[in-house]
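Just below is one structure, and these are the notes that go with it.
Computed from the coordinates by the stated procedures, all read-outs in this text should not be read as laboratory data. Since the model is a prediction, treat every value here as computed from it, not as a measurement. Heads up, the Cβs are rebuilt from the backbone with ideal geometry, glycines too, and the neighbour counts pull from every protein chain shown.
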There are 2 protein chains.
Amino acid sequence: MVETGGRDTRERIIEAAGEVFARKGFRRATVRDICARAGVNVAMIKYHFGGKAGLYTAVLEHFRSVAGRRSRQIIDRAEREGPEARLKAFIRAQLEKLTGSGRPAWFDRLMSREVMDPTRALDAIVETGVRPSAERLVGVVQELLGRDDREPDLLYCCLSIVGQCLHHHYAKNVIARLYPGLAYGPGELDRLAEHITDFSLAGLAAHRKRHDAIEEYAAL
Amino acid sequence: MVETGGRDTRERIIEAAGEVFARKGFRRATVRDICARAGVNVAMIKYHFGGKAGLYTAVLEHFRSVAGRRSRQIIDRAEREGPEARLKAFIRAQLEKLTGSGRPAWFDRLMSREVMDPTRALDAIVETGVRPSAERLVGVVQELLGRDDREPDLLYCCLSIVGQCLHHHYAKNVIARLYPGLAYGPGELDRLAEHITDFSLAGLAAHRKRHDAIEEYAAL
DNA sequence: GACTTTCTTAAACGCTTGTTTAAAGTCCGG
DNA sequence: CCGGACTTTAAACAAGCGTTTAAGAAAGTC
């Protein structure tokens with residue numbers, strides 16, 4: 001009756017659900033909306049996934065592999081370079097994640113949705129999606145600070161960096177109202193990445209100088 | 001029948017609604033929950049406020065005056081000092097806003113709720129709650145950069161500063177999972193404010209040096 | 001004290017949500 | 001073909017939501 005177009009029902013549901021979940025989050029998304037987009041009866045969600053929650057985890061599992069592909073590409077390109085270039089690549093990748101609109105960006109959107117309004121899937125998302133990224137940043141910052149510990153002040157530095165990036169995503173509605181002139185095209189994203197990089201490198205350099213001075217004093 | 005205890009019904013509803021809205025946001029809060037806490041019939045919300053949306057705006061209006069009292073106190077204390085001290089006061093006040101749990105903090109919690117998941121009240125909140133604060137920061141940053149324009153790169157600096165502060169609020173669930181050791185008691189808040197201040201002052205100083213060099217070059 | 005206005009109540013309405021049911025359709029090996 | 005397993009369908013269910021109704025209580029007014 002309905003032309004299945006070759007794609008299986010399960011796939012069609014996951015595809016539609018990925019889009020809807022990414023746009024509205026788990027709670028505000030409705031199974032009826034998802035099923036309408038997939039051209040499928042609402043009962044299929046129980047049949048194939050056991051329920052809305054099961055569908056959500058299936059969607060996360062499905063898009064985990066393709067997630068952050070473009071971000072990883074940006075980061076990998078700078079793999080062999082110095083810590084400054086790797087920091088800039090990390091920052092550019094963070095900004096890229098949050099403005100992407102294609103299918104690979106759905107997982108990233110779900111991640112930031114989850115950050116703001118957690119569900120039970122948060123633990124899994126943190127481990128598979130956030131921690132690897134965070135560990136990479138910790139490594140770069142350790143290198144830039146010339147240390148190998150992870151004292152609170154080092155983590156503060158990392159949080160300062162990602163905070164600058166993600167703020168443009170969290171607060172985009174407010175920023176748009178406060179400063180209607182600011183746009184977020186690819187060119188602005190490059191300039192913004194450059195700003196955050198320079199800002200952070202200066203902050204890190206100052207922190208290193210201060211910390212080294214304290215170490216020196218303590219060594220006496 | 002029910003002992004009104006002297007407080008008017010309207011007040012009891014607004015008090016309960018303030019707590020519930022601050023904790024759950026507009027959408028996830030239910031009128032039944034609010035009315036149960038207020039010990040009041042659900043129909044009273046239509047009678048006194050016209051509906052849930054009217055109650056929400058009434059709550060915003062009611063708590064607007066007491067909002068940010070402690071923050072303003074922190075900021076005013078540094079009013080006569082240099083821009084560095086005023087920046088630190090601003091940062092400390094931002095952190096204070098997000099960890100406060102008393103009644104004066106409800107408006108601030110509602111503000112950040114609104115930032116993450118806007119309702120129609122966002123415009124009013126931005127104008128009355130966010131813009132004054134943002135303008136103050138712009139002033140301090142202008143002073144620190146030695147400029148009086150508000151080019152995009154200056155706004156980027158401001159956004160870098162508030163981003164560092166608010167990230168600890170937006171992403172608190174994720175940060176708690178990533179780094180279980182980090183706590184947010186008053187002492188940590190002071191240290192965090194000091195970190196963000198130093199980090200940002202270094203970033204601003206480097207930005208100023210870079211910008212002045214460009215200006216000088218352009219003047220030739 | 002009767003009357004009007006203001007306030008409050010219990011109950012139900014209409015809607016949306018996720019879920020479930022029972023019947024019908026589809027597919028495929030025998 | 002045919003029969004059983006797998007899919008899909010339309011419809012309804014139960015719960016929660018904001019809202020509304022109609023009747024009653026409380027309080028002020030003449």
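How far apart are the A:G187 label points across copies, placing each 7 Å from Cα toward Cβ, in nm, shortest first? Once sorted, the set of distances for A:G187 reads 5.2 nm.
Classify the range B:69-219 from the C-alpha gyration tensor, please: rounded if a/c falls under 1.5, else prolate or oblate depending on whether a/b exceeds b/c. Note, shape of the range B:69-219 comes out prolate.
The mean number of partner chain beta-carbon atoms within 10 angstrom of a residue's beta-carbon across peptide B:171-184 is 5. What the phi angles of the range A:13-18 give under the Karplus curve with 6.51, -1.76 and 1.60, with θ = phi - 60°, is a coupling list of 5, 4, 4, 5, 5, x Hz, glycine and proline written as x. Residues considered: A:A183, A:A22, A:A105. Largest GNM mean-square fluctuation over chain A, using C-alpha springs under 10 Å, is found at A:A183.
Relative to the longest principal axis of the Cα atoms of chain A, the long axis of helix A:131-145 makes an angle of roughly 10 degrees. Legend: distances between Cα atoms for B:K46/B:K97; A:K24/B:K24; A:K52/B:K52; pairs beyond 22 Å are B:K46/B:K97; A:K52/B:K52.
Measuring between their Cα centroids, the range A:93-145 and the range B:93-138 lie 25 Å from each other. Going from the residue with the fewest nearby Cβ atoms within 10 Å to the one with the most, B:H167, B:H48 rank B:H48, B:H167. Cα axis of helix B:186-219 to longest principal axis of chain B: angle in degrees, 0 to 90, nearest 10? Between the helix axis and the principal axis of chain B, the angle is about 40 degrees.
Coupling constants for the range A:87-92 follow from the phi torsions by the Karplus curve (6.51 cos²θ - 1.76 cosθ + 1.60, θ = phi - 60°), and in residue order they are 5, 4, 4, 4, 5, 4 Hz; glycine and proline get x. Set Lys and Arg Cβ to +1 and Asp and Glu Cβ to -1, take the dipole of the protein assembly as shown about its Cα centre, and tell me which of B:F49, B:L95, B:I175 lies farthest positive. The residue sitting most towards the positive pole is B:F49. Charges were assigned to the Cβ only: +1 to each Lys and Arg, -1 to each Asp and Glu. The resulting dipole of the protein assembly as shown about its Cα centre is roughly 1980 debye. Neighbouring Cβ atoms from other chains, within 10 Å of the Cβ of residues in A:59-65, number 0 on average. Across the copies of the chain, A:A219 has label points (7 Å from Cα along Cα→Cβ) spaced 4.2 nm apart, shortest distance listed first.
When A:A121 is represented by a point 7 angstrom out along its Cα-to-C-beta vector, the spacings to that point in the other copies are 3.0 nm, nearest first.
Per-residue mean of foreign Cβ neighbours for B:114-120 is 4 (Cβ atoms of other chains, 10 Å radius).
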